[in-house]
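The values are calculated or read from the model by the stated rules, or taken from the named source; none is laboratory data. Not measured: the values here are computed from a predicted model. Note that each Cβ is placed from the backbone with ideal geometry, even for glycine, and that neighbours are counted across all protein chains shown. Just so you know, the surface numbers come from the protein's heavy atoms only, side chains and all, with ligands and any DNA or RNA stripped out. Shrake-Rupley method; radii C 1.70, N 1.55, O 1.52, S 1.80 Å.
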Amino acid sequence: QLDPFYASIILFVGRAWDAITDPMVGFFISKTSWTRFGRLMPWIIFSTPFAVISYFLIWFVPDISRGQVMWYLVFYCIFQTLVTCFHVPYSALTMFISREQSERDSATAYRMTVEVLGTVLGTAIQGQIVGKVVTPCIESPLFIGKTNSSVAMEELNMTHDTGSLTDTRNAYMIAAGVIGGLYILCAVILSVGVREKRESSELQSDEPVSFFQGLKLVMNHGAYIKLIAGFLFTSLAFMVKRSWAWRMGERGRQQCSLELSATLTIPLWQWFLTRFGKKTAVYVGISSAIPFLIMVAVLDSNLIVTYIVAVAAGISVAAAFLLPWSMLPDVIDDFKLQHPDSHGHEAIFFSFYVFFTKFTSGVSLGISTLSLDFAGYQTRGCSQPSEVNFTLKMLVSAVPVGLILLGLLLFKLYPIDEEKRRKNKKALQDLREESNSSSESDNTELASIV
């Protein structure tokens, strides 16, 4: 029941807060001492219960006439910080369960498959629980389209059915409780089933490095900047694209079609990148969505077209989210070769990736919400102004196509192709063998002295 403008403000401020907390959490993780649970796992274990509580409070409606915006803003920022404490070490585990590029790529494919599948599950749970509460639409007066959004909201609020709103509020809280329970279950499975390999971990620096020194080293690495820039724009394109489902009344089913399509095609893209290379897979996978996005704008809206676009978009979503994550370990290997004496920055690399993942989600929601607000979208209205339909067409066609083209241009500048990846792998193996032989000779010399 918040005005769309305030909802957008909360989303934007939350993402700005992420810009501060994500790299800070990555830095603190890099300075964490080894425990019997590892270095990364304690962050996951101890952040989980607090994240679940804050998530539940996001959906709780406080019984206060003023200050609701501040309530949601505070708990939204707290939740995002705690999710960072989970997601950064969770993502960075890829680097610390194996040193082999092929094994890390395989682990990334499995991780992204289950993440997308989790999105499908979350969408289904939320949709089924909340969807059982029937909230009737409100016939808007003829003049309501001519008034501003705050006046429209005030008029609509006057006609809301109190009992229906209470049932809706309770349904959202039940859904939050169920999803919070799944959050705890998955964290337990992760902490019990995954072990960090101490010999694979290079998380701790040999020499203390300040936060700003580490941040400067990471952000001055050209390959990393080009990769996250391409990742930012392509991810934003597909996040904005998700608002297309609002055009029809079957939003939950269409969203599930997109996510299921992405889940099923991630193994295909994993095979494709091993066969043809990661950069080629990026160009083919992400650009394949462009014709279907154009089709949305050109053809009249109908159920068949909508589902075709959903499946096609899911195929491209799989490539857009799998490939940049599988390319990140290659960037870290390249960084290690260029800075052989500087260790322990892996978590900072992953923290910015996590930030941009959440940032694109928040920005896309903010763009969609503000655009609909300016177009005159009426909450719970039985009908919408014609400007709303035009705005949605732009959000699901022209805007994503432009972002995809810009992202592909940035990926073109990304310097690590398959040949360079093989050279980096060989160079890292030589460095490790040289380091091991040097360590063995030092031990032999020390033994002879003793």
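Structure above, values below:
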| item | result |
| --- | --- |
| Chain lengthening between Tyr283 and Ile304 when straightened (0.36 nm per residue, less Cα-Cα) | 4.9 nm |
| Solvent-accessible area, 1.4 Å probe, carbon plus sulfur percent, for segment 266-401 | 70 percent |
| Cross-link partners of Lys226 among lysines (Cα-Cα below 21 Å; sequence separation of 8 or more within a chain) | Lys216, Lys278, Lys279, Lys336, Lys358, Lys412, Lys420, Lys423, Lys425 |
| Solvent-accessible area per residue for segment 210-431 (1.4 angstrom probe, square angstrom) | 40 Å² |
| Cβ crowding within 10 Å averaged over residues, with 312-320, 39-47 ranked highest first | 312-320, 39-47 |
| Candidate residues Cys186, Cys85: accessible-area rank, largest first, probe 1.4 Å | Cys186, Cys85 |
| Point-charge dipole on Cβ atoms (K/R +1, D/E -1) for segment 210-431, about Cα centre, debye to 20 | 180 debye |
| Separation of the Ile184 and Ser361 label points, Cα + 7 Å toward Cβ, nm | 2.1 nm |
| Residue-level accessible surface for Asp341, protein heavy atoms, 1.4 Å, Å² | 140 Å² |
| Virtual spin-label span in nm between Val133 and Glu434, 7 Å along Cα→Cβ | 6.4 nm |
| GluC sites (Glu not before Pro) restricted to DSSP loop in segment 41-141 with at most 15 other C-beta within 10 Å | Glu100, Glu139 |
| R0 of 45 Å, Cβ-Cβ distance His339-Ile64: FRET efficiency to nearest 0.05 | 0.30 |
| Per residue convex hull volume, Cα atoms of segment 210-431, in Å³ | 127 Å³ |
| Label-point separation, Ser164 to Val74 (7 Å along Cα→Cβ), nm | 3.2 nm |
